[in-house]
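The values are calculated or read from the model by the stated rules, or taken from the named source; none is laboratory data. All values reported here derive from a predicted model rather than from experimental measurement. Here the Cβ is made from the backbone with ideal geometry for all residues, glycine too, and neighbour counts use every protein chain on show.
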Amino acid sequence: MIDDAARVRRPAWVRTRFGLSLSALLTVLVLGGLCGLGGDAPDVSVGVGIPAHREVSAGLARTPPMGWNSWNLRGAAVSAVDIRAAADALVVTGMRGAGYRYVTVDDGWMLPTRDEHGTLIADPGRFPGGIAALARYVHARGLRLGIYESPGRTTCQGRPGSYGHEAHDAVTFAAWGVDYLKYDACSYPGLRPAGTSARAWLVAGFTRMRNALDATGRPIVYSINPSSSGDPAGERAWSWASSVANLWRVTNDHAPCWATVLPMDYYPGVCTSDSFDPASAWASEGGPGHWNDLDMLAVGLTPSAVNPDVENLASLATGRVSNQLDDTEARTELSVWSMFASALIAGNDLTTMSPATRTILTNRAVLAIDQDPLGAPASRRGGDSWDGLSVWTRPLAGGDTAVLVVNRGDTRRAADLPGSPLALRANPAGYEIADLWTGRLTRTAGTVPTLSVDLAPHEAALVRLTPVGRTAG
Ligand code: GLA
């Protein structure tokens, strides 16, 4: 077991610039342990080493987090200039107003070694003011700052990981003013002791940081990516992660392409439509405080402004170069991510995006599906494929229902989808149907609606059904 509390040393900047008292924190850690404040930490054989204080993060992420992340655009070259530009753009484009709040610095932000106190150091060339100054900049714009780390000894880009430093790093992040941590398995599975199951090892590693974050007393949204472990247990995070994290990746890295066509068994789930079939396994696991994460949106990523690693991934999956989603596919992607109540984390260049991309990302009627306060899961209708269409329904707060129909194929498809197989209940006065992309409103004649769709290749219809005459509440 790693005794993290024993390793914590108080960095100079905590003493001088922040109100967080490390001695108070250590007292809480010790008392918490004595009082058995283990809370809902999973019972794993490898132990987690830091007492849980779940009350700190209990109210976080009641709806899926929305924001922007640096990886798809800047890769490991990310700088404070990029983060400030994204923060400013979130404000001026109206994205902040539409709900995008978290600005996350992904991998590559730190120097290859810790300082003499064991504290992580942001690369001074790219982050001259450090992370605390960046947090102040982001907070001043009504936004929140996210940062990236790994439970392994190194991150995916070879920077120092948090293994054995969890409590120290959590205190560092809290003192800097970080509001969100993306914690990415990377090298961690390779540290697994003989005789420990892969799953228990993943659960323990991710739980250690959850506990460390909560022990700081600062509410920090916790986003985990066990899928980067390359371990099948990691790729089923939905079966164990809800008591550990606020969101967990359900796919491997996502890139700007519609469908994987080349053999990618070693790296599944790259393109937008790849997640439709596997979704049946995890769709029911999300809910307030704990969400499935389909990875950053590829909406608006262009061949001229994309991290080459991400473009390479799309090329491997499609056999083509210069991949990107067209606007139809981008609308479908946002529809699917919203229907599954995924985190909505944009990754495109917000400072140069086209008006069409901006319109897609800020469609409030669609975002309201993602952010629906009920947080109920979507269910697949009509088996794996209904007349060539993928169909999902989802109950919404107040009695409305969302229906998503996606044409995955390469030819146009029209269909009338009867309401009963969609599990829509009869309503004597019928239904009002709002098409969330065109804004068109129609009323059904019958008591159970029939949905008529006519979809271009890769197009989605996302509609909201409201029973006419329904009384509020
Ligand atoms: C993994 C993650 C990506 C990104 C990179 C950074 O591949 O899945 O989202 O964070 O690591 O190295």
Exercise for the section: Among the residues of segment 346-372, write down those that are surrounded by fewer than 21 Cβ atoms within 10 Å (Cβ to Cβ) and not aliphatic (A, V, I, L, M). Expected result: Thr351, Thr352, Ser354, Pro355, Arg358, Thr359, Thr362, Asn363, Arg364, Gln371
Completion exercise
Considering segment 99-142, residues that are of a type outside the set (A, V, I, L, M), within 16 Å of the ligand (Cβ to nearest atom) and touching a helix residue (DSSP H, G or I) at 6+ places or on another chain (Cβ under 7 Å), and then whichever is farthest from Ala61 (Cα to Cα), we arrive at Arg126
Practice task
Please go through segment 64-98 and pick out each residue that is buried (at least 17 other Cβ atoms within 10 Å of the Cβ), part of a loop (DSSP other than H, G, I, E, B) and away from the ligand (no atom under 15 Å from the Cβ).
Solution key: Pro64, Ser79, Thr93
Exercise for the section: Would you tally the residues in segment 448-465 being surrounded by fewer than 20 Cβ atoms within 10 Å (Cβ to Cβ) and more than 22 Å from Thr332 (Cα to Cα)? Expected result: 1
Fill in the blank from the handout: Note on Ser57: of the conditions (1) at pLDDT 95 or above; (2) within 30 Å of Asp123 (Cα to Cα); (3) surrounded by fewer than 23 Cβ atoms within 10 Å (Cβ to Cβ); (4) not β-branched (Val, Ile, Thr), unmet is (1)
Problem - Hits in segment 280-325 (condition: away from the ligand (no atom under 16 Å from the Cβ), assigned to a strand (DSSP E or B) and within 23 Å of Arg74 (Cα to Cα)) - result: Thr302, Ala305
Practice task
Kindly list the number of the only condition in (1) over 27 Å from Pro51 (Cβ atoms); (2) outside any loop (DSSP other than H, G, I, E, B); (3) of a type in the set (A, V, I, L, M) that fails for Met264.
Solution key: (2)
Handout entry: Checking Arg192 against (1) at pLDDT 95 or above; (2) surrounded by fewer than 24 Cβ atoms within 10 Å (Cβ to Cβ); (3) charged (D, E, K, R), the condition it does not meet
Key = (1)
Exercise for the section: Would you check if there is a residue in segment 310-323 being in contact with a Gly (Cβ under 6 Å, 6 or more places away or on another chain) and either of a type outside the set (S, T, N, Q) or surrounded by 21 or more Cβ atoms within 10 Å (Cβ to Cβ) (or both)? Expected result: no
Problem - Near pairs, Cβ below 9 angstrom, 6+ apart or cross-chain, from segment 237-259 (within 15 Å of Val336 (Cβ to Cβ)) to any residue that is among the basic types (Lys, Arg) and outside any loop (DSSP other than H, G, I, E, B) - result: Val250/Arg236
Handout entry: Check on Gly158, surrounded by fewer than 24 Cβ atoms within 10 Å (Cβ to Cβ), within 16 Å of the ligand (Cβ to nearest atom) and not in a helix (DSSP H, G or I)
Key = yes
Problem - Conditions (1) surrounded by fewer than 24 Cβ atoms within 10 Å (Cβ to Cβ); (2) part of a loop (DSSP other than H, G, I, E, B): number failed by Cys186 - result: (1)
Practice task
Could you please find all residues in segment 433-447 being without any contact (Cβ under 8 Å) to a residue 40 or more places away in the chain and buried (at least 18 other Cβ atoms within 10 Å of the Cβ)?
Solution key: Ile433, Thr444
Exercise for the section: Inspect all residues belonging to segment 173-180 and state whether any of them is on the phi > 0 side of the Ramachandran plot and either more than 22 Å from the chain's Cα centre (by Cα) or among the aromatic types (Phe, Trp, Tyr) (or both). Expected result: no
Exercise for the section: Could you check, for segment 200-223, whether at least one of its residues is modelled with pLDDT under 90, more than 23 Å from Val178 (Cβ to Cβ) and surrounded by fewer than 24 Cβ atoms within 10 Å (Cβ to Cβ)? Expected result: no
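For segment 189-201, give me each residue that is assigned to a loop (DSSP other than H, G, I, E, B) and either in contact with a strand residue (DSSP E or B) (Cβ under 8 Å, 6 or more places away or on another chain) or aliphatic (A, V, I, L, M) (or both).
Ala194
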Practice task
Just give me the residues in segment 257-270 being within 15 Å of the ligand (Cβ to nearest atom) and farther than 26 Å from Val221 by Cα, in sequence order.
Solution key: Met264, Tyr266, Tyr267, Pro268
Handout entry: Check on Asn246, within 16 Å of the ligand (Cβ to nearest atom) and buried (at least 20 other Cβ atoms within 10 Å of the Cβ)
Key = no
Practice task
Give the residue, chosen from Ala376, Ala402, Ala341, that is at pLDDT 95 or above, aliphatic (A, V, I, L, M), crowded, with 22+ Cβ neighbours inside 10 Å and part of a loop (DSSP other than H, G, I, E, B).
Solution key: Ala341
